[in-house]
Structures are given as structure tokens and as C-alpha cells.
Amino acid sequence: MNERVLIFDTTLRDGEQSPGCSMNRHEKMEVAKQLVRLGADVIEAGFPISSPEDFESVRAIAAEVEGPVICGLARALEKDVLRCGEAIQPAKRGRIHTFIATSDVHVEKKLHMSKERVIQVAVDAVKLARTFTDDVEFSPEDAGRTDWDYMCEVLSAVIEAGATTLNIPDTVGYCTPEQFGGCIAYLKQRVKGIDDCVISVHCHNDLGMAVANSLAAVRNGARQVECTINGLGERAGNASLEEIVMNLVVRKDYYGVETGINTHEIYRASRLVSQITGMRVQRNKAIVGGNAFAHEAGIHQDGVLKERATYEIMTAETVGWQGENLVMGKHSGRNAFRSKLVELGFADLTDEELNRAFDRFKRVSDKKKEIYDDDLVAIVQEELSRVPETYRLEYCHICSGTSTIPVATVEVSRGEANDVVRKASHGDGPIDAVYNALSEAVGMTPTLDEYQIEAVTGGGDALGRVNVRMTIEGKAIKGSGTSTDIVLASAKAFLNAVNRFVMMRAAQTEEVSGREP
């Protein structure tokens, strides 16, 4: 039987650190539940010391999500490890992942420590982590630029202190596959006690090598790969989970290992993370991009019609893409709606969530004759990712044309008293006019940094999804909205971002007021 490679998903930690990709607690929970369906072995749920919200998210996931190991990240600092231990305490299987930098540039320029002191700090952190859990992972940060013999010293010391997983991170995406694979082979030969540990790798994609480096490590003995959905992550991102997994599946003859991933859940995981973070998947992205299984060249089309294997090494169905299946309409009832959502993976909706989604489905079906699976997923995900609506759009009117200055009039209710504010403004186009009017209505002047629009499915009456990234009072905030009317979707995305900012500001105020003097 082939050896097992563990899939360690860090979408909720490293992936979320992408600028503008922060998730609230409910969104993190939705992604975590999908990772369970996907079959991830380990979920790195967050960095508990970084904020009260992150701590509560990790703790909630640890308490509610069963199956995978629930992991939290901690620097090799006492306060970090203690906070992380508290966060993962409710988990049936919890892990603390602690780290300290080991490359010369980090040790000298960032830590200002001696190499001997770095080893002692790492050992102390691992020993403290072991008081909370027997499952402790250690990472020598920037291992890709660390002297191999010094890394052997560090790893031998933390193994003796109780580390059970050794993660070798190419933190800045510096390595080549040959070099990184050689490093793993070297460590296996030289590190005392390493045969009793799992060797893990965590590769970044600064030079486009994250997946290649991870696979080279697997070939040389690594048995855990740290990765993210859609390759999300800081800078150029992390190794892409879907690419790692499908390489190991399609080229099982070469790698000789297997994973526990349910590949049929890959596409839905990709879409969920894309929708929540607002990070669109490029069309030519391997495995989950819109063109991944498309064939336009005549010779390719001819070959696929004769035998799919001529130009397809895997099928779309393997990764869970079923096409735009017409399934529902305005006459569909609540029971049929619930059954379809269960089929799409939304089996654990509360009655309140189901009712909200069903009401939205009915409103959409009055405007859109044909409702596809992707429409239903978009509807449910938007309802699930709602934030408290301090500001709510009540009315929107646009006047625009080739010889008319675009003018927008909006009515926005705000606060528990539902006070309605009406504002009108002009702009360079209808969307700009709406955003100017909304800015006046909410009393803020957000800077629009990014605006994306896409059709959820095909057709002239398709649901449109708008994702925005805005800066409000120095904070990067994302927002999203869907509607068959793209102007309305744009307005909803704007207010979604504003409401997220209000919620975040309220949480920060509560944190400050709750501190001891």
C-alpha cells in the first residue's frame, strides 16, 4: 500500500494574511466545514495571539469542527504559546505550531540573537507547547536560506524537547526543486530522531516554484504538505492545495503516495474561498480555472470528441465541476430547495439560515427564469457571509445616458432606529455616482482600490457578483454583493464593506474598553 501524505491546509491562517482577504468568524467556520468535506488532515485555523477575533475563531473551530487536527500558530514566545494553547483547548485533536527564524539574515537583522540563543528559545517554546498537547509542530522560519548543518542542530534539539512534526518552510520562495528536495534528503540523513517525526514542507510562490518545490520534497521523504485553497497567501501566495493533490492523484505512478482528499470537493472549496475573500481565480489556473477543461483549438476539439484522454489527463467531474445544471425555478418548494442544498454540500444549515436563503432564492427566481447550481451556491454563500447591517440600502435610482451626467439617488437606513437618509450625487458613470451618493449617506469617504465584476452563470439574466476592496480610515476592507442588476450588486458590495468596517471598529472598541487598567 502506498504511503500517505498529510494535507495541512493553512487557508485560514497564511491564506487569510493576503492583503484584503481577512475573514470574519462565520466565514472562517464555513471554510473550515468545507475543509472537513474536502478531507484535509490538518486545519491551521489561525494565529490566536494576533487579535481577539482570531483567537475566538480558532477556539470556535476547535470546539465545533471534528475530524481534522485543529492547529494554531504561535511564535516561539511564551505569550504566543499560552494563547494558542488556550485557543485549541476544546479540540478533540489539537496542535500547536511554533516557529522561530533560523537563516543568518533573520537571526542577525531581525532577532538580534546568537544562534545558540535561537536554539534555546525554540526548545523552550516546544516544551511549553507540550504542556497543552502531545502534537507539536516546529518550523525553522526561512529554512530555504538557512545553513543545512545549523538547521540540523535546531531540529535535533526541538525533537528532544518533544516536537512531533518538523516543518521546513521556504518562507520567501527562494529555493529550486532540486535544492529543496536535496535539503529534505539531507535532513533525513543527519537529524537525530527525525525518523520518529513527520517531515512537513511549507513553500511560497515568489518565483512560481511553490508546488514544484513541495512535490520535490515529497519525492525525498516529506509526508505533510502545507498548502492553501487557490494558492492563496502572502505576496505571490502559497503552494496550491488543488495542484498538489491532483499531481499526487494523476501521477500516482511517479510519486507513489496517496492523500485522504475527496477530490470531488475541490471545485466547491475553490469557489467558496474565492467568493468569501473576493480573490478571483484566474481563468487559466490549473485544476479550478474556467479554462482548465475547455478546448478551443480545432485539433484539440477533434481529439477530445474521439477520445477524451487525447487531451485530458483528468476529468472535470474528478474535481467536482458538473457544469451549469438547471435544477430549480420559482415554483420549487422549500423541501426541494433544502434537498438540493444538501446535495450541494450545505447539509448543516440552521432553520434561520435556510429560511433566509430560501427567501432570497424566491426573490432571485422572480427575476431569473433559470436557476443553476452555481446560482444557488452564490445565494447561500452570500446569506451565510452576511455581517450585521448597520447600513441597509432601501432605494436606488440611476439616471444615465450618452448625453446625460450620471446621477444617483439612494436611500439608506441606518442604526437600530432605522433612520433613513436620502442622498443624491453625480459621477463619471452610474457606479461612480452610486458610490458617491452612498459615501454621503454613510458619512464616510472610502477609497475604492479594486472593483471586480463577474457573471455567476451564463445568460443575459445571470446573477452578477461584484467584489470590491476599499480603504476606510486606513483599513483595507473587502465587500461583495450579488444581484441580477449589476448596479444593485455594486451598491450591495459597497455597503457590505462599510458594514464590515463598522463591525471591525466596534470589536476593536470593545477590546480596548475591556482591557484592565
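The values are calculated or read from the model by the stated rules, or taken from the named source; none is laboratory data. None of these values were measured; they are calculated from a predicted model. Virtual Cβ from ideal backbone geometry, glycine too; neighbours counted across all protein chains shown.
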Taking the stated definitions as given, is Val81 touching a residue at least 40 places away in the same chain (Cβ under 8 Å), in contact with a strand residue (DSSP E or B) (Cβ under 9 Å, 6 or more places away or on another chain) and closer than 19 Å to Val201 by Cα?
no
Going by the conditions given, is Lys79 assigned to a loop (DSSP other than H, G, I, E, B) and among the basic types (Lys, Arg)?
no
Please name all residue pairs, on different chains or six or more residues apart, with Cβ atoms under 7 Å, provided the first residue is in region 50-71 and is without any contact (Cβ under 8 Å) to a residue 40 or more places away in the chain and part of a helix (DSSP H, G or I) and the second residue is among the β-branched types (Val, Ile, Thr) and surrounded by 16 or more Cβ atoms within 10 Å (Cβ to Cβ).
Val58/Ile88; Ala62/Ile70; Ala62/Ile88
Output the number of residues of region 415-471 satisfying the condition of being in a strand (DSSP E or B), out of contact with any Lys or Arg (no Cβ under 7 Å at 6 or more places or on another chain) and closer than 14 Å to Tyr391 by Cα.
4
Listed residues Ala74, Ala63; which is surrounded by 20 or more Cβ atoms within 10 Å (Cβ to Cβ) and either within 30 Å of Arg117 (Cα to Cα) or at pLDDT 95 or above (or both)?
Ala74
Picking from Gly256, Gly278, Gly260, which residue would you name as being at pLDDT 95 or above and at positive phi?
Gly256
Restricting the search to region 347-385, which residues are surrounded by fewer than 13 Cβ atoms within 10 Å (Cβ to Cβ) and either aromatic (Phe, Trp, Tyr) or within 22 Å of the chain's Cα centre (by Cα) (or both)?
Ala347, Asp348
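Yes/no per residue for (1) at pLDDT 95 or above; (2) more than 10 Å from the chain's Cα centre (by Cα); (3) crowded, with 20+ Cβ neighbours inside 10 Å:
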{"site": "Thr11", "(1), (2), (3)": "yes, no, yes"}
{"site": "Glu16", "(1), (2), (3)": "no, no, yes"}
{"site": "Met23", "(1), (2), (3)": "no, no, yes"}
{"site": "Met29", "(1), (2), (3)": "no, yes, no"}
{"site": "Arg59", "(1), (2), (3)": "yes, yes, yes"}
Odd one out for Ser332 among (1) in contact with a Leu (Cβ under 7 Å, 6 or more places away or on another chain); (2) over 21 Å from Val442 (Cα atoms):
(1)
Thr482 vs. criteria assigned to a loop (DSSP other than H, G, I, E, B), surrounded by 13 or more Cβ atoms within 10 Å (Cβ to Cβ) and of a type outside the set (Gly, Ala, Ser):
no
Could you check region 228-269 and list, in sequence order, the residues that are hydroxyl-bearing (Ser, Thr, Tyr) and assigned to a helix (DSSP H, G or I)?
Tyr254, Tyr255, Thr263, Tyr267
Can you work out which of the residues in region 223-252 that are without any contact (Cβ under 8 Å) to a residue 60 or more places away in the chain and among the small types (Gly, Ala, Ser) is nearest to Glu141 (Cα to Cα)?
Ala239
Count, please, the residues in region 198-253 that happen to be crowded, with 21+ Cβ neighbours inside 10 Å, polar (S, T, N, Q) and farther than 16 Å from Ile43 by Cα.
3
Pick from region 299-346 the residues that are of a type in the set (Val, Ile, Thr) and either buried (at least 16 other Cβ atoms within 10 Å of the Cβ) or within 20 Å of Ser365 (Cβ to Cβ) (or both): which of them is modelled with the lowest pLDDT?
Val327
Just wondering, is there one or more residues in region 111-129 that are buried (at least 19 other Cβ atoms within 10 Å of the Cβ) and within 29 Å of Gln34 (Cβ to Cβ)?
yes
Filter result (hydrophobic (A, V, I, L, M, F, W, C) and more than 32 Å from the chain's Cα centre (by Cα)) within region 112-135:
Met113, Ile119
Is it the case that some residue within region 152-163 is under 24 Å from Thr11 (Cα atoms), crowded, with 23+ Cβ neighbours inside 10 Å and either out of contact with any Leu (no Cβ under 9 Å at 6 or more places or on another chain) or not acidic (Asp, Glu) (or both)?
yes
